[in-house]
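These notes concern the structure reproduced below.
The values are calculated or read from the model by the stated rules, or taken from the named source; none is laboratory data. This one's a predicted model, so the numbers in the text were calculated from it and none came from an experiment. We place every Cβ from the backbone using ideal geometry, glycine too, and count neighbours over all the protein chains shown. When the accessible area is computed, the model is the full protein with side chains, heavy atoms only, and any ligands, DNA or RNA have been set aside. Shrake-Rupley method; radii C 1.70, N 1.55, O 1.52, S 1.80 Å.
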Amino acid sequence: MGRFTISQIPYHNPIVLGAFVFAALAGSVVIGVISYYRKWGYLIREWLTTVDHKKIGVMYIVLGLVMLFRGFIDGLMIRTQQAMAVGPHSPGHLEAVHGYLPPFHFDQIYGSHGMIMLILAVTPILTGLANIIVPLQIGARDMAFPYLNAVSLWLTAAAVALMMISLFIGDFSHDGWIGIIPLTEMPYSPTVGVDYWIWIFQISSVGTTLNGINMVATIVGMRAPGLSWGRVPFFTWATLSTQIIGLTAFPVLGVALALLAFDRYLGTHFYTAGMGGNLMLYTDLFWIWGHPEVYFLAIPSWGIISEVIPTFSEKPLFGYTAMVCATFMIAGISWSVWLHHFFTMGAGPGVNLFFSVATMLVGIPTGVKVFNWMLTMYKGRLRFEAAMLWAVGSIFLLLVGGLTGMMLAIPAVNYTVHNSVFVVAHFHCFLLMVAFGIFAGIQYWFPKVFGFKLDEPVPIRLTQTPTRASGPRHGGH
Ligand SMILES: [Cu+2]
């Protein structure tokens, strides 16, 4: 904090100033409305200090939706800049046109968009859904450690607060959401931006790890009598494998960030070339967390659509056991593929080949899932309500995102599309698949939380040979 001065407030930047005025106005309106209706006592007693899993879940989702909005604005700003800024060699342009954002501002937005969407929007929303639904699905009264659950939520909220403060005081990291090394080292990033980035990441991942401990303890130890593993609803299975990934992956990120903090504050050389340090150490540690993190987001989303599709097909989930096995296979393989994030960094053909084959293996269990969803819908009585439309859309996005992923798994293709937006398109298909799953889940479970169904137009019903649902139904309403 000693490095903050009054000059850290970017009052000379009209975009930031405008955002600050808007945030201040919106904040005072919210405070005014709460005071006018005298709801402070209710808010503090019933919500802010609660340890109830459903209310914590709702707050997680609200927090995530607010950050989804900010991340969306960041995305719009990135795209607007790219549409306006033209390079000197583009057709019809003899000189560069620089758009509306100065480079240092664009770089911050570029980092904050990724950071917000992955860590502060999608993760809290999925955690919130699991918080609400998992104890209900397994017949538990609450999570195993309700107080710890509240601690996890407020750690995430603290990270969100830091993220919002970084918008107005000081700056945010200029070095991308992955913290490209050695740019994040002190000589290249002397401002507070990278420090914000480190502590937002670190605090929120401690919250996520604690939540993982809580979830695993709940699912393993608090299932209702008779709810054996073979009958556990699929979303709970998905949450269990997700949290096992989280529990093993997030500590690696914690170490990677702590070593970077040592480099910055104590002058150590873990990631710099001097004194025996190596920047590839950071790259490896980061992506050893970074790839499992992809499945940390995707698997719960697949869990959601595995609940939605059987309900709106009026059939049980096809291949329950295969689905569970596929989920854990994906979780397992996700540990041996991280180097595909830097094929072009020169690890050599042997290493690249290993990680290429390992990456392609992920396609097998993922394909199992896609076919199982399709076979669940096959000859079902399909009702295309909003949740089902999101779920089916999600499968399409998984197909596009997954097949481009198979292309990127080939190192030669990686070299070819390097520095293009191919990989950006690939992972945005994949993450929008996650987002579609989230919207399906919110729509589907909304009545569970609030007691009424969201309004929707008359659902489309495909007339097909009716087959009655038979056998045990896994999960759902
Ligand atoms: Cu990956």
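Assessment of the stretch 377-385 against the conditions (at positive phi and either touching a Ser or Thr at 6+ places or on another chain (Cβ under 7 Å) or within 14 Å of the ligand (Cβ to nearest atom) (or both)) yields at least one matching residue. Of the residues GLY71, GLY139, the single one that is in contact with a Leu (Cβ under 7 Å, 6 or more places away or on another chain) and either surrounded by 14 or more Cβ atoms within 10 Å (Cβ to Cβ) or of a type outside the set (Val, Ile, Thr) (or both) is GLY139.
The single condition among (1) among the polar types (S, T, N, Q); (2) open to solvent by 20 Å² or more (accessible area, probe 1.4 Å); (3) touching a His at 6+ places or on another chain (Cβ under 7 Å) that THR359 does not satisfy is (2). When the test is whether a residue is closer than 30 Å to TYR378 by Cβ, out of contact with any Cys (no Cβ under 8 Å at 6 or more places or on another chain), within 16 Å of the ligand (Cβ to nearest atom) and of a type outside the set (Asp, Glu), ILE309 does not pass it.
Set side by side, the residues VAL434, VAL423 differ, and just one is within 16 Å of the ligand (Cβ to nearest atom) and either among the small types (Gly, Ala, Ser) or surrounded by 18 or more Cβ atoms within 10 Å (Cβ to Cβ) (or both), which is VAL434.
Each residue in the stretch 276-291 was checked for being open to solvent by 20 Å² or more (accessible area, probe 1.4 Å) and in a helix (DSSP H, G or I), and 8 of them qualify. Within the stretch 342-354, if we keep just the residues that are touching a residue at least 24 places away in the same chain (Cβ under 8 Å) and either surrounded by fewer than 21 Cβ atoms within 10 Å (Cβ to Cβ) or among the charged types (D, E, K, R) (or both), the residue that is nearest to the ligand (Cβ to nearest atom) turns out to be PHE342.
Residues of the stretch 210-229 that are open to solvent by 10 Å² or more (accessible area, probe 1.4 Å) and either outside any helix (DSSP H, G or I) or in contact (Cβ under 8 Å) with a residue 24 or more places away in the chain (or both): LEU210, ILE213, VAL216, ALA217, GLY221, MET222, ARG223, ALA224, PRO225, GLY226, LEU227, SER228. Checked against the criterion of being touching a Cys at 6+ places or on another chain (Cβ under 6 Å) and within 16 Å of the ligand (Cβ to nearest atom), the candidates GLY401, GLY405, GLY363 yield just one match: GLY401.
Beta carbons closer than 8 Å, at least 6 apart along the sequence or on distinct chains, pair a first residue in the stretch 322-338 that is of a type in the set (Val, Ile, Thr) with a second that is away from the ligand (no atom under 11 Å from the Cβ) and open to solvent by 50 Å² or more (accessible area, probe 1.4 Å) for ILE333/LEU361. Against the numbered list (1) among the hydroxyl-bearing types (Ser, Thr, Tyr); (2) within 16 Å of the ligand (Cβ to nearest atom); (3) open to solvent by less than 10 Å² (accessible area, probe 1.4 Å), TYR295 comes up short only at (3).
Taking the stretch 312-341, which residues are within 14 Å of the ligand (Cβ to nearest atom) and aliphatic (A, V, I, L, M)? ILE330, ALA331, ILE333, VAL337, LEU339, listed by residue number.
Each row is one residue, and each column tells you yes or no for (1) touching a strand residue (DSSP E or B) at 6+ places or on another chain (Cβ under 8 Å); (2) in contact (Cβ under 8 Å) with a residue 40 or more places away in the chain; (3) more than 20 Å from VAL294 (Cβ to Cβ).
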{"site": "GLY57", "(1), (2), (3)": "no, yes, yes"}
{"site": "LEU65", "(1), (2), (3)": "no, yes, yes"}
{"site": "ARG70", "(1), (2), (3)": "no, yes, yes"}
{"site": "VAL86", "(1), (2), (3)": "yes, no, yes"}
{"site": "PHE106", "(1), (2), (3)": "no, no, yes"}
{"site": "GLY128", "(1), (2), (3)": "no, yes, no"}
{"site": "VAL134", "(1), (2), (3)": "no, yes, yes"}
{"site": "ALA140", "(1), (2), (3)": "no, yes, yes"}
